[in-house]
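So the structure is just underneath, and the comments pick up after that.
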Amino acid sequence: MNEITSPLRSFDLFLFSTDPDLIRPAIAGGAAGVVVDWEHIGKAERQAGFDTQINHDTPEDLRRVRACTTARVLCRINAFGPWTQKEIEAAVQAGADEILLPMVRSVEEVERALEWIRGRCGLGILIETRKAVAICERLACLPLTRAYLGLHDLAIERRTPNPFRAISDGLVERVRSAFSIPFGFAGLTLPDRGFPIPCRLLIAEMARLGCSFSFLRRSFLRDIVGRDPRMEIPRILEALREAFRQPPPTREAMHQELLRVIEEADALFSNRNRMVRLWPISRARLS
C-alpha cells in the first residue's frame, strides 16, 4: 500500500472532445490534453437505465485531434476483447500518446495490451469493475501511465444508484492507496457548479487523496456555454491549488461535508435513474 500524500506538483485536466474549436482554447486555458473516446461496445446494454453518455468517436476523429494540438492526446478504446489488438494499432498509428483501457477485469488483459503497445505509447487503465478493485494492488505493479476509478460503471456493477457511494464507503481511498502512479476519479466542472455533489467538495477530496488528474465532465461543457475556456479552466486549476494548500483539519472538515452531501443525494440518484428507465416506455406510449 502506498501512503497518500497531498502536496500538489501538478494536476492534469483532460477534455473529452473531437472539436478543434473547443480543444484549442481549452489547451490554451491550461487543460493538459484531450481524450478521444472509442468505447461503445456493450456500453448501451451495460448502462441501460442510467444517466450516462456514449460517444462514437473514430480513428478519423483521433487524427483530426492529433493534428490540431501538441498537447497530450489520449484514446479510450473498448474493453478488452477480440478487437483490442486492432484498436491499439489504429490508435498508435493515428497518433495517440496514451491508450486508456476501460472495464479492466484481469491482470492478464492489461499485460496483453502492454505487449501489443510495445512501448510506442503509454497505457492507462480505468478501474470500473469489482474484479479490478479486488486486484488493484497487482495492477499497480504494472508499468502503467495512470489509473482512473470510474464511479458510474462501478456503481452499476455494485448496484448502488448513487455513484459517489464509493467515496463515502472508503472504496476510492482504498484503491487510490494501492497506486503510486497518477491517480484520478470522478470529474470536474467549474468550482461553483456541480449538482448534486458540489464541485468544490470533489476538488477538496481530490486534494485530500493526493490525486493528480481528472476529466472535465459532461456538465463542464454545459456550464461554460457562452464563456471562454481560456478564462474558466484556470479557475478550476486555481481551486485545485487552493485545496492542496489547505491544512489537514480543513481537508477533514470538507471530507465530512462531502460525506453528508453524498448521503443526502441517495434519493435523487434513485429517482433520476428510475426516470431514465421509464422514459423509453413513456416515449413508446406517445408514439
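The values are calculated or read from the model by the stated rules, or taken from the named source; none is laboratory data. Given the structure is predicted, the values throughout are model-derived calculations rather than measurements. A quick note on method: Cβ atoms are made from the backbone with ideal geometry, for glycine too, and the neighbour counts reach across all protein chains shown.
Would you confirm, using the coordinates I've provided, whether THR189 is β-branched (Val, Ile, Thr), surrounded by 17 or more Cβ atoms within 10 Å (Cβ to Cβ) and either touching a strand residue (DSSP E or B) at 6+ places or on another chain (Cβ under 7 Å) or under 24 Å from VAL34 (Cβ atoms) (or both)? Can you show your working first?
Working: β-branched (Val, Ile, Thr): yes; surrounded by 17 or more Cβ atoms within 10 Å (Cβ to Cβ): yes; either touching a strand residue (DSSP E or B) at 6+ places or on another chain (Cβ under 7 Å) or under 24 Å from VAL34 (Cβ atoms) (or both): yes.
Taking the combined requirement at face value, the residue satisfies it.
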Collect the residues in region 90-101 that are surrounded by fewer than 24 Cβ atoms within 10 Å (Cβ to Cβ), touching a residue at least 40 places away in the same chain (Cβ under 8 Å) and in a loop (DSSP other than H, G, I, E, B), keeping them in residue-number order. ASP97
Applying the selection to region 111-129, what residues are closer than 17 Å to ALA91 by Cα, in a loop (DSSP other than H, G, I, E, B) and either in contact with a strand residue (DSSP E or B) (Cβ under 8 Å, 6 or more places away or on another chain) or of a type in the set (Phe, Trp, Tyr) (or both)? CYS121
Might you let me know whether region 130-138 holds any residue that is in a helix (DSSP H, G or I), surrounded by fewer than 17 Cβ atoms within 10 Å (Cβ to Cβ), touching a residue at least 12 places away in the same chain (Cβ under 8 Å) and in contact with a Ser or Thr (Cβ under 9 Å, 6 or more places away or on another chain)? yes
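Condition check ((1) under 15 Å from the mean Cα position of the chain (by Cα); (2) of a type in the set (Gly, Ala, Ser); (3) surrounded by fewer than 19 Cβ atoms within 10 Å (Cβ to Cβ); (4) not in a loop (DSSP other than H, G, I, E, B)) across all residues:
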{"site": "CYS141", "(1), (2), (3), (4)": "no, no, yes, no"}
{"site": "GLU173", "(1), (2), (3), (4)": "no, no, yes, yes"}
{"site": "PHE179", "(1), (2), (3), (4)": "no, no, no, no"}
{"site": "GLY184", "(1), (2), (3), (4)": "yes, yes, no, yes"}
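Yes/no matrix, rows are residues, columns are (1) modelled with pLDDT of 95 or more; (2) of a type in the set (Asp, Glu):
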residue: PRO7; (1), (2): no, no
residue: LEU15; (1), (2): yes, no
residue: ASP19; (1), (2): yes, yes
residue: ILE23; (1), (2): yes, no
residue: ILE27; (1), (2): yes, no
residue: ALA32; (1), (2): yes, no
residue: VAL35; (1), (2): yes, no
residue: ARG46; (1), (2): no, no
Picked from region 224-246 (must be in contact with a Gly (Cβ under 9 Å, 6 or more places away or on another chain) and of a type in the set (A, V, I, L, M, F, W, C)), the residue farthest from THR189 (Cα to Cα) is PHE244
Residue check, PRO161 against (1) modelled with pLDDT of 95 or more; (2) assigned to a loop (DSSP other than H, G, I, E, B); (3) in contact with a helix residue (DSSP H, G or I) (Cβ under 6 Å, 6 or more places away or on another chain); (4) surrounded by fewer than 21 Cβ atoms within 10 Å (Cβ to Cβ), all met but one. Which one? (1)
Out of curiosity, is ALA71 small (Gly, Ala, Ser), within 21 Å of the chain's Cα centre (by Cα) and at pLDDT 95 or above? yes
Just checking, which of ARG112, ARG118 is at positive phi and not aromatic (Phe, Trp, Tyr)? ARG118
